[in-house]
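I have placed the structure first, in the form of structure tokens, so that the comments after it can refer back to it.
The values are calculated or read from the model by the stated rules, or taken from the named source; none is laboratory data. Remember, predicted model here, so these are calculated numbers, not experimental data. Because the Cβ atoms are built from the backbone with ideal geometry, glycine has one as well, and the counts that use them run over all protein chains shown. Heavy atoms of the whole protein, side chains included, go into the accessibility calculation; ligands, DNA and RNA do not. Shrake-Rupley method; radii C 1.70, N 1.55, O 1.52, S 1.80 Å.
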Amino acid sequence: MFVLNYILNMGSSVVMPIIITVLGLILGQKFSKAFRSGLTIGIGFIGINLVIGLMGDFVSPAAQAMVERFDLNLSVVDVGWPVSSTIAFATQIVPFVFIVCFLLNIIMLATNMTKTLNIDIWNYWHFILTGSLVQFATGSMIAGIIASGITFILIMKMADYSAPIVQEYFGLPGVSLPHTETVSWAPLMMILDKLYDKIPGFKKINLDGENIQKKFGIFGEPIVLGLILGAGIGILAGYEVNAVVTLAVNMSAVMFILPRMVRILMEGLMPLSEDAKKFMAKKFPGKEVNIGMDAAIATGSPMVISASLIMIPITLLLAFILPGNKLLPLVDLATLPFFMIWPVVASKGNLFRALVSGTIMMIAILYIGTDLAPTATAIAEATHFAFPEGASAVSSLDIGAHLVPYIIYKIGEFLSMLF
């Protein structure tokens, strides 16, 4: 337990290079090639995290300014995804879930129940989160471990189902995204997109990247679009001109740099993906295997970033007007690129549809985050989580985005009341 936590506490930028290097050696790569791939992927994750962090550094204060300007009085503070991981690691099921999920992946691959080899070990905490919530609700460690295993199986199946779409849209051959707070929404987003085709007039509205650039010229280019969206957020926040310009330029930088960071990550991933295919073709003829990765590799899409920036004021407006919502979005507004992956992909890059679907998704996320606030607060207090000054209740948009864990948790809660 101590060794596992020690390694995981180093973060994905350290954990993933270790995993990639070891996996590369298993696949028959020379140490130099495996090590270079692992290190390159680690550098890519560092770059992505830096850019997302840059976005958070500017977006969070702007969101706080909007909250104060429009007097959004909400009692549950969004403290970001760390509260979700705190809940995940708050119980003693951590090592058991790692073992169970690893064995499940091997069994599922061997029996053709999945095509995904999930190497995103860092994000196994997503599956642990389900177990922690269910253990909290039922008082049973066994129930928590079983819930984690069920979550793993469901997410792997969703990753398999969505892999061809991910590979085509993002140009990521041999990759799937078993990332719980993103792929959980894939089925709903695809169903919504099919419904839009049946609404008169909806089908004719197409705001994809190519159309936007054709219609608006230089103003449709990602870096200029980031500039415009950043300026809009600054104006809504009531910033002075110099602060508006600063925010605008930094959002433009996010639009420009993030796709390049993803390319660095892919430079390290592609040799591994190719050698994994060769290894499986040799050892298991006819078996197709995808490499399961963190959804961070999909956040560099200009349409994903554009949709995310537009969703910032929409999310804050929703938080204010939705009856019964108590969650004040703050820290996790910087993680909107993760949440907006499937609204964008399901709509095939149609910004209009992505924003409609994203709005529906954010309504659900706010309500789930609100519903989980008492549990999140209780576990956070028990684990001495650092509460923001003046906050009496905490939750996050991230915990609200864990749709599959939430559903399993509610089932566990209901069954515990019956028995």
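Residues that are open to solvent by 10 Å² or more (accessible area, probe 1.4 Å), in contact (Cβ under 8 Å) with a residue 12 or more places away in the chain and in a loop (DSSP other than H, G, I, E, B) within region 351-386 comprise 383, 385, listed in sequence order. Of the residues examined, residue 103 is one that is open to solvent by 40 Å² or more (accessible area, probe 1.4 Å), in a helix (DSSP H, G or I) and among the aliphatic types (A, V, I, L, M). Look through 298, 276 and report the one residue that is within 22 Å of the chain's Cα centre (by Cα) and crowded, with 20+ Cβ neighbours inside 10 Å. Unique residue meeting the criteria: 298.
Listed by first and then second residue, the pairs linking a residue in region 103-117 that is without any contact (Cβ under 8 Å) to a residue 12 or more places away in the chain to a residue that is open to solvent by less than 80 Å² (accessible area, probe 1.4 Å), with Cβ atoms under 6 Å apart and 6 or more places separating them unless they lie on different chains, form an empty list. Within region 279-286, is even one residue under 28 Å from residue 43 (Cα atoms), part of a helix (DSSP H, G or I), in contact (Cβ under 8 Å) with a residue 60 or more places away in the chain and over 15 Å from the mean Cα position of the chain (by Cα)? Yes, there is a match, as at least one residue in region 279-286 is under 28 Å from residue 43 (Cα atoms), part of a helix (DSSP H, G or I), in contact (Cβ under 8 Å) with a residue 60 or more places away in the chain and over 15 Å from the mean Cα position of the chain (by Cα).
One residue stands out among those in region 72-100 that are of a type in the set (S, T, N, Q) and open to solvent by 40 Å² or more (accessible area, probe 1.4 Å): the one that is nearest to residue 290 (Cα to Cα), which is 92.
Suppose the filter is hydrophobic (A, V, I, L, M, F, W, C), surrounded by 18 or more Cβ atoms within 10 Å (Cβ to Cβ) and either in contact with a His (Cβ under 7 Å, 6 or more places away or on another chain) or assigned to a helix (DSSP H, G or I) (or both); does residue 270 pass it?
no
Here is a list: 28, 38, 44. Which entry is touching a helix residue (DSSP H, G or I) at 6+ places or on another chain (Cβ under 7 Å), of a type outside the set (A, V, I, L, M, F, W, C) and either closer than 21 Å to residue 369 by Cβ or open to solvent by 20 Å² or more (accessible area, probe 1.4 Å) (or both)? Only one candidate passes the filter, namely 28. The condition of being in a helix (DSSP H, G or I) and either surrounded by fewer than 19 Cβ atoms within 10 Å (Cβ to Cβ) or not polar (S, T, N, Q) (or both) holds for only one of 192, 207, that being 192.
So residue 222 ticks every box in (1) touching a Phe, Trp or Tyr at 6+ places or on another chain (Cβ under 8 Å); (2) modelled with pLDDT of 75 or more but one. Which box is left unticked? Looking at each condition in turn, residue 222 falls short on (2).
Regarding region 179-193, can at least one residue be identified that is small (Gly, Ala, Ser) and at pLDDT below 90? No, that holds for no residue. Could you check, for region 235-247, whether at least one of its residues is farther than 21 Å from residue 50 by Cβ, open to solvent by 30 Å² or more (accessible area, probe 1.4 Å) and at pLDDT below 80? No - not one qualifying residue is present in region 235-247.
Per the listing 320, 414, the residue uniquely of a type in the set (Phe, Trp, Tyr) and free of Cβ contacts under 8 Å to residues at least 40 places away in the same chain is 414.
Residue 145 falls short on exactly one of the conditions (1) over 18 Å from residue 408 (Cβ atoms); (2) open to solvent by 20 Å² or more (accessible area, probe 1.4 Å), and that condition is (1).
Cβ-Cβ contacts under 9 Å between residues 6 or more apart (or on different chains), taken from a first residue in region 57-79 that is farther than 15 Å from residue 369 by Cβ and among the aliphatic types (A, V, I, L, M) to a second residue that is modelled with pLDDT of 80 or more and loosely packed, with under 15 Cβ neighbours inside 10 Å, are listed as 65/238; 66/238.
Of all residues in region 387-402, those being touching a residue at least 12 places away in the same chain (Cβ under 8 Å), farther than 21 Å from residue 138 by Cα and not acidic (Asp, Glu) number 9. Selection within region 335-345: residues that are open to solvent by less than 10 Å² (accessible area, probe 1.4 Å) and not aromatic (Phe, Trp, Tyr). The member of this set that is nearest to residue 163 (Cα to Cα) is 345.
The single residue among 154, 133 that is under 17 Å from residue 180 (Cα atoms) and crowded, with 24+ Cβ neighbours inside 10 Å turns out to be 133. For residue 323, the conditions (1) in a helix (DSSP H, G or I); (2) surrounded by fewer than 17 Cβ atoms within 10 Å (Cβ to Cβ) all hold with the exception of (1).
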